[in-house]
Structures are given as structure tokens and as C-alpha cells.
Amino acid sequence: MATMRDLPRALLAFCVRVFGASRPDWGRAMLAEVTRIDDRRARRRFALGCARSLVFAPPSPGARIVTIGALVAGAASVATVGAALLRYPGLASGAGTWVAVCGFCCVVVLYVVAAARLGVPVLERHLLTTALGAGTAIAVTWLAVGLNASENGPKGLGSLLLGFGPLVGVALGWHATARSGSARVGLRCVGIAALVAGFAVFLLWAGEAVVAAGRPYDAGLLRDFATSGAPDLATYAVNESLGTGIMLLVLVPLVSVATGFVGAAAARRTALA
Amino acid sequence: MKRQRPHSEQTVAVLRALAATPSAWRYGYDLCSELNLRSGSLYPILIRLSDRGFLESAWEEAEPGRPPRHVYRLTGAGIAEAAAAGHRASPARTRPRELGTA
């Protein structure tokens, strides 16, 4: 009989697991309430109503923030490459350039679609803010690594900075999973942070190169330019920076997701232990 | 300035119930019972009020063998919104009556 009595709770627990990952507190709240209701009919009605509200939960404002933010970042990324092609016509040196541009556009579209899917249904406000902050921290770390390398800074500092980004990813995956009790929510947070970091690194790296004509020119760049066949040094430097920027646009999110996955898996394993 | 849709009759009832004792934390099921509102209607309302900053929530201390309960009360902005919603609503619309239509 106890099983029959708990049927409404079991149904609600199923709905919380399937539909409530984005609003874990509300799912837990409903489950806690249903255990307080002794009258069978009232218990059944309450559980069914809660299940319905989980399935049709209203979208949170965070969903719009993530989607609109990704659209703006995607448009800005495409505009940066467009501006580079307009300002340095020598960049368009052949079919290879347009293949690269098409590949870049595909990555941007993929990221925007991923952001829209990650944002709906979206996370609670605290987790969304944490994911955005972590993404910014990861981006700053990668840019600091690049700056340290280009300025010939201490190698120890470079290694330290290089290790900090993955640590942020692990910490975010752990925290989001532990707080929400759901690895799916943890990975969603990690995904949002990864996209923020990827777009931020690309926009700052490539944007700065386009504006500053790829300056400063180091000795290696001057040496390689001589045999590059590029029409001028600025075009060659911008071409190099855009290539690095596009590589970072792919690499930074991949590393962030991989490290975040480790954190989420560790938190899940700890919770199950 | 962002234009917001007027609250539904059920939302106004929830705001008024919470505003009646603004410092007290309330349970979801108690609000359902008091307002004769189904949980399928109450929780989306609570979620929207929370998203808009009108509602704060907390976890009550857990009793042995039972999960902690989620409790709710209005924020300062929520109390002001409840007062404004009360002024906007006509007496006929806010009269206590059967709300459970979900």
C-alpha cells in the first residue's frame, strides 16, 4: 500500500528528473510539499498539478539573456572578419580563404544554436551569473597567456596562467552540479561558460588585430613575412592573428567543456558515494 | 521602460495572500489550500514572481526523516507590487471566490 500511496510522488519525482533540471529548487520544493499531504486525493491532485507546471514551466529571463548574448557575439564575430576582409583586401588570396571563412561562419552558427538550446530552459539566476563570470575568467586567463607569450614574459607565469583556465572549468562543473544536484545542469553551465570564453577571446584577439593592423610586429613575424608572399606586413600580421583567433574560438570552448565535464563528473560521483 | 502585462486574477490573489503577513514565510501547499488554487496554477505564478524579483524563497530547517520545505514571502518590491495590484483590481474582481480552475 505504501507503494500505491507514493505513486503520485513517484510520478512527480519522474517529472522533476526529466523536466525539472533547469529549475532544481522548484522541483525539490514540490517533492517536499507532496510528502506533507496525507489525504490521498489531495496528494494525487497536487502531484499532477506540479507535474504539469514542470512540463510547462515558464521560460526564465535568463533564457533570453543567453540567446540574445550569443546572437550579438556571433554577429560581432562575423562583422570582425568582414571588417578585416574589407580593410585588408589582400587577405582574400584564393579559394582557401573563402573555405576558411565558411568554416568560421559554421562554427559561429553552431555556437549560437548551442547557446539557444542551453538557455531554454535556463538555469537559476545564481548559476547563470556564475557561468557568465566563469566564462569571463577563462577568457581573461587565455588572453593573459597570449599576452605573456607575446611580451616574452616569464615562462613560469605562463604555465601558471595556462593551468588557471582549466581549474575554473573544473570548479564551475563541480559547483553547478553540486548545487543543482544534476550533472545535466552542471554541464549546461559549463557550456554557457565555454561559449562566453570562446567568443570573448576571439572578439578581443581578432578585434585588436584588425584595429591595430596586427601590431606589434615581432622578429619572427618580420622574418616569416619575407617568404610569405603577402602583399604587405599589416595584411600578413592580421592574417596570422585571425588564424590564431579562429583556432582559439574552437580550442577554448573545447578545453573548457572537457575540464567542466571532469568537475561535473567528480561532483556527481561524490554525491552518489 | 519595460512594459509589463497586468497580473492575472490568480496572481493578484497570491500577491494579496502573501502581502497579508509580509514577514511570514509561507508554504506552497498552504497557499494552494488557502486560495483554493491548484498546484499547477500556483507554482508557475510563484516561479514568475520569483523571476521578476517579487518573491524570495528559502529552505526551512529539515525535520528528521522529512525533506526540508521551500518557503516563500514577498520582497520589498513584491509588497509594493501587491499594493499596486490591489489598487488596480476592482473590488468585484478581488472578492474571495473559487479560483481553482486549472
| task | Evaluate the relative contact order of chain A (contact order divided by residue number), counting alpha-carbon pairs under 8 angstrom at least 6 apart; express in whole percent. | result | 21
| query | What does the average come to when, for each residue of peptide A:102-110, you count the partner chain Cβ atoms lying within 10 Å of its Cβ? | reply | 0
| request: Grab the DSSP H runs of the protein assembly as shown that are 4 residues or longer, score each as -39,500 (n - 2.57), total them, divide by all residues and round the 222 nm result to the nearest 500 deg cm²/dmol. | output: -24500 deg cm²/dmol
| field | Relative contact order of the range B:9-93, pairs being alpha-carbon contacts under 8 Å that are 6 or more residues apart, as % | value | 36
| task | Give me the percent of Cα-Cα pairs in the range A:135-184 that sit more than 18 Å apart, rounded to a whole number. | result | 41
| message | Would the range A:2-55 count as rounded, prolate or oblate if I go by the C-alpha gyration tensor, calling it rounded below 1.5 in a/c and otherwise prolate when a/b exceeds b/c, oblate otherwise? | response | prolate
| query | In chain A, which whole DSSP H runs stretch at least 15 Å along their own axis (Cα) and average 0.5 or higher on the Kyte-Doolittle scale? | reply | A:7-19, A:61-87, A:95-119, A:125-150, A:155-180, A:183-211, A:233-272
| note | Computed over the range A:83-219, the Cα gyration tensor eigenvalues, each multiplied by 5 and square-rooted, give semi-axes in Å (largest first) of 31, 22, 10
| query | Could you work out Rg/(2.2 N^0.38 Å) for the range B:9-93, with Rg from alpha carbons only? | reply | 1.10
| note | Those trypsin sites (Lys or Arg not before Pro) from the range B:1-54 that are DSSP loop and have at most 10 other Cβ neighbours within 10 Å turn out to be B:LYS2, B:ARG3
| Are there GluC sites (Glu not before Pro) in the range B:1-90 that DSSP marks as loop and that have at most 15 other Cβ atoms within 10 Å, and which are they? | B:GLU60, B:GLU61
| Nearest-20 debye value, the protein assembly as shown charge dipole, Cβ charges on Lys, Arg, Asp, Glu | 1760
| How long is chain A along each principal axis, judged by its Cα atoms, biggest number first, in Å? | 84, 38, 24
| said: Quick query: amide H of B:ARG73 versus all other amide H atoms, modeled in the peptide plane; which residues come in under 5 Å with a sequence gap of 5 or more or a different chain? | reply: B:ARG26, B:GLU56
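Quick note: the coordinates plus some simple rules give every number you see, no bench work behind them. What you are looking at is a predicted structure, and each value in this text was computed from that prediction instead of being measured. Neighbour counts are summed over all protein chains in view; Cβ atoms, including those assigned to glycine, are modelled from backbone coordinates with ideal geometry.
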